[in-house]
Amino acid sequence: MKPIDLLDLPKLTKTAFQEFPNSWKKINKSYLQNLTSRELIQLNFIAAIVGIGAGFAAIGFRALIGFLQNILLHDQFDYHLISPVHHVRGYWIIIILPLGLLLTTIITRYLAREATGHGVPEVIEAVWTRSGRIRKRIVAVKALASGITIASGGSVGREGPIVQIGSAFGSSIGQFLNLKPKAMKTLVGCGAAGAIAATFNTPIAGVIFSIEIIVLELKTKSFVPLVISSVFATVISRYFLGNEPAFFVPEYFLKTPYELAFYLALGILAGIVGVIVIKTLYGIEDVFNDWKAPFWIKPLLAGVCVAFIGLQFPQVFGVGYEAIGDVLQGNSEFVVMASLVVLKILAMSLTLAGGGSGGVFAPSLFIGAMLGGSFGYIVHELFPYSTSSYGAYALVGMAALFSATGRATFTAIVILFEMTLDYSIILPLMFVCVAADQVSWALSKESIYSLKLKRKGLNFRTDLSVNLMSITPVKDIMTTELDLITQDMSLEHIKSHLLPQNHSTYPIVNQKNELIGTISKQNLEDIESAEAFDIMTYASQPKAVVDSCDSVAEALSKIEKTRDPRILVTEKKKLVGIISPVDFIRLSSIDLHDK
């Protein structure tokens, strides 16, 4: 059968849907499965579909939040977003919010556990460990879980969920067409780019976010589809939601060059607070995870705590864009701004630790705005004639805090510019973001995304020039078929069965398979007497040992220090594998995006 060109696909649409799904499978088997020189055309066409899907998903998710929010907090049937700050439930929020988190926990617990949390790390994990495969049900489960969390007052954002939803949509199309891993990962990135672009009306930032966080690649074959997806998603979003910036801000400008010193101080402060945000989020999560209590108690307790915070400071409820707008317009008070820096960190951490589903990008903007506003308020009071109003510091503080937590500085700069369409603040914006990024990196090498992945054993770095060996755990390349010596093994057996394997060293384990020592081939050959043989008499302490979650780069550093070409891999003291030079060579020949 002659391969079908995707350029002819529109002519086949009617037939394809009539014979669904067999006609699509025929197209896939004849052409899509065997990517040739037309790969870019194929990806571009599908990227447009993914972008359109991501655009409609963003609109639908927004409407779902509005619908649920109006029912739960405003006692009306409507799908337009209304700020939860002005909810009419009064003290009933102490019941509504905990029940919302409990319902979210039940949904994610029994339908899709990966739908809990803030979404972006789960997308990254799918790209780097499962060739971009995300379960199709995530589209619906994540939308429902996050919609309930945000609508009931949970202190999280909507960008993380929509990124996961858009990525899952792209992955679903790739799985349906049975595409190769490289194309699959690109489609996941297309879904993320389209989601960000449609959610915030930021087409450029959508592409940069996907490159800087998801695909970590800047090549034509991946860049072009990302742009196409972002464009189509933005067109859909603007057609239905309008072409307005996310925030309306007064015109700001740098009053004097000396003001950069104050912005530098803000960048340093944002970097420190960014690390505090990361540590607090995962610290509270650890407390909840270690707490031996029925699963349903945790969301109820977290919900009650957030509700009590919100009774005094309702700005912490939901996404928080209205409160950000007030600060940018100069309509907030210093005590309120300073208090919300701390309270938003607690509210977000409690919401996610309690089983809520939502993003951390909007909370990062919120915390940054309050931090920048507080700092700017003090600076402007002290130096009123040489500094801008505190709204300018709030604006750059938003980007700086996200730069410090997400370590996506380019994204932070561009997305704030696109969300405000204000170019006059670009110089301090760039300066503060890079300062916050560097301070945060100096204090903690992990971002708010990579730390969650590291806790799962995945070494991830948001770096376009990332080294494959620095992000690959040794458990992915180690050899598990081991020639090892047990404590009770006879000398005769060792010499007849193990020495012929011709290894330079042999590991020694006890009855629990725990590594207790090593012995060289030379020492084994020198042993002559088998009387009262005890292998530990001739053994030495193992030196070249790494944990199964350590990176391959760390294993290489062990080789440099010990000069031992064979690295022993342990997991909870038990010997689970060995890495030899052959394993390193095998890894170095792998295309990073074809893993």
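The values are calculated or read from the model by the stated rules, or taken from the named source; none is laboratory data. No experiment lies behind these values; they were computed from the predicted model shown. FYI the Cβ positions are ideal-geometry reconstructions off the backbone, even for glycines, and counts take in every protein chain you see.
Please tell me if residue 551 is in contact (Cβ under 8 Å) with a residue 60 or more places away in the chain and either touching a Gly at 6+ places or on another chain (Cβ under 8 Å) or of a type in the set (S, T, N, Q) (or both). Quick ask: steps written out before the conclusion?
Numbers: in contact (Cβ under 8 Å) with a residue 60 or more places away in the chain: yes; either touching a Gly at 6+ places or on another chain (Cβ under 8 Å) or of a type in the set (S, T, N, Q) (or both): yes.
When the stated conditions are applied, residue 551 passes them.
Return a yes/no flag: does region 217-232 have any residue that is buried (at least 21 other Cβ atoms within 10 Å of the Cβ), among the hydrophobic types (A, V, I, L, M, F, W, C) and part of a loop (DSSP other than H, G, I, E, B). Scanning region 217-232 turns up no residue that is buried (at least 21 other Cβ atoms within 10 Å of the Cβ), among the hydrophobic types (A, V, I, L, M, F, W, C) and part of a loop (DSSP other than H, G, I, E, B). Of all residues in region 476-500, those satisfying the criterion of being in contact with an Asp or Glu (Cβ under 8 Å, 6 or more places away or on another chain) and crowded, with 17+ Cβ neighbours inside 10 Å are 477, 478, 498. Candidates 524, 498, 556: the one that is closer than 25 Å to residue 454 by Cβ and among the aliphatic types (A, V, I, L, M) is 556. Residues that are out of contact with any Phe, Trp or Tyr (no Cβ under 7 Å at 6 or more places or on another chain) and either in a helix (DSSP H, G or I) or among the β-branched types (Val, Ile, Thr) (or both) were ranked within region 324-336; the one that is surrounded by the most Cβ atoms within 10 Å (Cβ to Cβ) is 327.
Looking only at region 337-379, which residues are hydroxyl-bearing (Ser, Thr, Tyr) and assigned to a helix (DSSP H, G or I)? Please lay out each step first, then the result.
Of region 337-379, the ones hydroxyl-bearing (Ser, Thr, Tyr) are 339, 349, 351, 357, 364, 374, 377.
Residues satisfying the conditions are 339, 349, 351, 364, 374, 377.
Checking the stated criteria, residue 111 turns out not to satisfy the condition of being out of contact with any Gly (no Cβ under 8 Å at 6 or more places or on another chain), over 20 Å from residue 366 (Cα atoms), assigned by TED's automatic domain parsing to the domain that holds residue 193 and modelled with pLDDT of 90 or more. Of the residues contained in region 417-430, one or more are found to be at pLDDT below 85, crowded, with 19+ Cβ neighbours inside 10 Å and not in a helix (DSSP H, G or I).
Here are 82, 27, 52: which of them is surrounded by 15 or more Cβ atoms within 10 Å (Cβ to Cβ) and at pLDDT 90 or above? Explain how you work it out, then say what you get.
Details: 82 fails: at pLDDT 90 or above; 27 fails: at pLDDT 90 or above.
Of the residues listed, the single one that is surrounded by 15 or more Cβ atoms within 10 Å (Cβ to Cβ) and at pLDDT 90 or above is 52.
Residues of region 87-123 that are among the aromatic types (Phe, Trp, Tyr) and farther than 17 Å from residue 70 by Cβ: 91, 110. The single condition among (1) within 30 Å of residue 129 (Cβ to Cβ); (2) of a type outside the set (Ser, Thr, Tyr); (3) in a strand (DSSP E or B) that residue 516 does not satisfy is (1). For region 315-364, a residue qualifies if it is farther than 30 Å from residue 297 by Cβ, among the polar types (S, T, N, Q) and in contact (Cβ under 8 Å) with a residue 60 or more places away in the chain, and exactly one does: 329.
State yes or no: is residue 321 more than 29 Å from the chain's Cα centre (by Cα), aromatic (Phe, Trp, Tyr) and modelled with pLDDT under 90? It is false that residue 321 is more than 29 Å from the chain's Cα centre (by Cα), aromatic (Phe, Trp, Tyr) and modelled with pLDDT under 90.
The residue that is nearest to residue 116 (Cα to Cα), among those in region 251-274 that are touching a Leu at 6+ places or on another chain (Cβ under 9 Å) and crowded, with 20+ Cβ neighbours inside 10 Å, is 274.
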